[in-house]
Structures are given as C-alpha cells and as structure tokens.
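Only one structure is covered here, and it is reproduced in the block below.
The values are calculated or read from the model by the stated rules, or taken from the named source; none is laboratory data. Keep in mind that this is a model prediction, so the values were computed, not measured. Cβ coordinates were reconstructed from backbone atoms using ideal geometry, including for glycine residues, and neighbour counts include every protein chain displayed.
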Amino acid sequence: MRITNIGSCCIDHVYSVPHFVMPGETLTSTSYAIHPGGKGLNQSLALAKAGAEVHHAGMIGQDGVWLKERLEKFGVNTQCLAVINAPTGHASIQINPEGENAIVITGGANRQIEAGDIQGWLAHIEPDNYVLIQNEISNLDAVFEASAAAKQRLIFNTAPMGSNVMDLPLEQVELFILNEIEAHAITGENDPKHILAAMIELYPAASTILTLGAAGAIFKNRQEELHQSAIEAEVIDTTGAGDTFTGFFLAHYANKRPIAECLSMAAKAASICVARPGAATSIPDLSEVMKL
Ligand code: RIB
C-alpha cells in the first residue's frame, strides 16, 4: 500500500539553551546544530524506516536539496518534491535541559504549494491509497478536494494547530493523530475521555489517536478503544517524537497490522527518538525498534 505524504521540509536550527528565551532577553546557546526537519519530512523518514512505501510531495528551495537527498537515502520517493525559486522552510528550535522544545517556523517553499500542484500530485494515485498531511503547507483544502475526488484515504496529523483547520471538511478524514492542544481546539474539551467522545460525535466514521506525551496515547473509534503507555526513556530532545510515532503507527496501520501492535511499535520508536538529539536524525530503524 502506497502512502503519499504531502508535507513540509524544513532546515532546523537547533539551539541548546539553559531556559527558553524570555521577552526582551538575549540568550547565548550552549550548543548549536543544523538538522533536517519539518513535520512532513520527519514523518516520511519515519514511514520509510518503518518499512512503508512512501512518496513525499512538497517544495524546497535550492538551499534544501540536501533534504531531498536525505529522503532518497532512506528510500523515500521524491518525484513530487519540487525544487523552486524560494528559500526552504526553516525552524528555530530551542531545547531546554529537560529536553523540551520551543519552535518558531518560517514556511518558505512549504507555503508556495498551489492547489494545482496538489491536484497534479494526487491525480495519478489509485483509489484507496493513503494520503498523509500535517498543517505546515499552504492550500490544504486542495488536498481534501483532490483526495475526495480520487477516493484516497486521508490521514491528518493536525500539527501545528491553526485556525485554518476548522474550515476544512474534516468529516473526510479516516484517521486523526492529534495532541491535547489540537484536540481541545477541535472539540473544546480538555479531558481525554471527553475529547475522544466528542471526536466520535463530530466525526463518527473516523478513528482518532490522542497522544498524551508521558501518559502515552489512546486510539478510539466506534468499535474499539486501546490505550498505549509511553515507554520510559532518558529524555534528551523531544523534537520529532510525535512525527516518529505517526510514521511508525501509519506504516503498520497501512500494512493492516492489529491496532495494538501499531501503537506499541509507534511508542517504542518514539521512546528511542526522545533519547537522541535532533528530529529527523533521531528516528530509529525498524530493527532497533524490534529489539526493544
Ligand atoms: O515536529 C518537529 C518539527 O516541527 C521540527 O523538525 C520542525 O521543523 C517543526 O516543523
């Protein structure tokens, strides 16, 4: 089963800091590194490393050609990743001593994607194949329109949450992957139980995975509800953990593995990711996850 990820690619500028910078403060970082990133790229890499057939569609500038090469190195098909005359998207990421992050992104080429590009990318994909999206590219509504017309199956990781999300025809989504902040924005609820009940009421045909950080994750649809605990790890940098979870879950889900197995593989992969620095660079191989 083919998964097409229409997603962002970013150059991540990562600063280790004693604390997140305060209003009016100038802070010296204790270390600095450049890593490949972007929720789209991270999820494509995680899918490929988990064994899925993945095509990444999107846009980068000349300064981001190394990101394309990185995707290709791990077996991601990049025929629909265009190099355009615009700067590649980038992220400024602060990492505090607890491994938490604070991120500012600039869309760059990720926000130059037009509806026509999306229609072209999806036009040749067979019905029933998966289309994965996050909320870091322009014209997401065109993905909804084109994937509905071609009867493809839409998976939506609603990160980072924005007001545009509620204007989308979300009833088309087969599987939502969201955290508590995103879930609150959609349902108005705070308690995980109430969030998941509200998701069923709003989108009865969809499944939802609610990620809860250290408290694990819950999968729920009308038929079943499964809880997955987070796997303990020494936290160095949580950046990309959600993307790793999404990629490993979806690779196994698309392969029709039982949901409990999909959740377990995703949680294991995320626990390896948080114990390493960087986003894309910290995604484990399938063999490492299997050993855990
Ligand atoms: O999810 C982590 C990613 O969010 C980072 O790689 C950064 O690029 C931002 O998009």
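Does region 156-179 hold any residues that are outside any helix (DSSP H, G or I), buried (at least 17 other Cβ atoms within 10 Å of the Cβ) and away from the ligand (no atom under 16 Å from the Cβ), and which are they?
Answer for region 156-179, where residues must be outside any helix (DSSP H, G or I), buried (at least 17 other Cβ atoms within 10 Å of the Cβ) and away from the ligand (no atom under 16 Å from the Cβ): 168, 173, 174, 175, 176.
Give the residues of region 251-284 that are within 15 Å of the ligand (Cβ to nearest atom) and either modelled with pLDDT of 95 or more or assigned to a helix (DSSP H, G or I) (or both), sorted by residue number.
Selection gives 266, 269, 270, 273, 274, 280, 281, 282, 283.
Going through region 108-119 one residue at a time, which ones are of a type outside the set (A, V, I, L, M, F, W, C), in contact (Cβ under 8 Å) with a residue 40 or more places away in the chain and closer than 17 Å to residue 5 by Cβ?
Matches in region 108-119: 110, 117.
Here are some residues: 208, 244, 239. Which one is part of a loop (DSSP other than H, G, I, E, B) and crowded, with 16+ Cβ neighbours inside 10 Å?
The match here is 239.
Considering only region 51-82, state which residues are basic (Lys, Arg) and either more than 16 Å from residue 6 (Cβ to Cβ) or more than 19 Å from the chain's Cα centre (by Cα) (or both).
The answer is 70, 73.
Scan region 140-155 and give yes if some residue there is within 23 Å of residue 264 (Cα to Cα) and not basic (Lys, Arg), otherwise no.
Yes - at least one qualifying residue is present in region 140-155.
State all residues of region 136-159 that are within 18 Å of the chain's Cα centre (by Cα) and free of Cβ contacts under 8 Å to residues at least 60 places away in the same chain; if no residue qualifies, say none.
Once the filter is applied, which keeps residues that are within 18 Å of the chain's Cα centre (by Cα) and free of Cβ contacts under 8 Å to residues at least 60 places away in the same chain, region 136-159 yields 138, 139, 140, 141, 144, 153, 154, 156, 158.
Of the residues 205, 197, 233, 185, only one is out of contact with any Pro (no Cβ under 8 Å at 6 or more places or on another chain) and within 30 Å of residue 124 (Cα to Cα); which?
205
Got a number for residues in region 18-66 being in a loop (DSSP other than H, G, I, E, B) and away from the ligand (no atom under 16 Å from the Cβ)?
So the count comes out to 15.
Output the number of residues of region 78-133 satisfying the condition of being in contact with a Lys or Arg (Cβ under 9 Å, 6 or more places away or on another chain) and away from the ligand (no atom under 14 Å from the Cβ).
The qualifying residues number 11.
For region 266-287, give me each residue that is over 16 Å from the mean Cα position of the chain (by Cα) and closer than 14 Å to residue 48 by Cα.
Selection gives 285, 286, 287.
Could you look through region 1-17, keep only residues that are in a loop (DSSP other than H, G, I, E, B) and hydrophobic (A, V, I, L, M, F, W, C), and pick out the one that is farthest from the ligand (Cβ to nearest atom)?
1
If you check residue 143 against the conditions, is it touching a strand residue (DSSP E or B) at 6+ places or on another chain (Cβ under 9 Å), more than 16 Å from the ligand (Cβ to nearest atom), not aromatic (Phe, Trp, Tyr) and not in a helix (DSSP H, G or I)?
no
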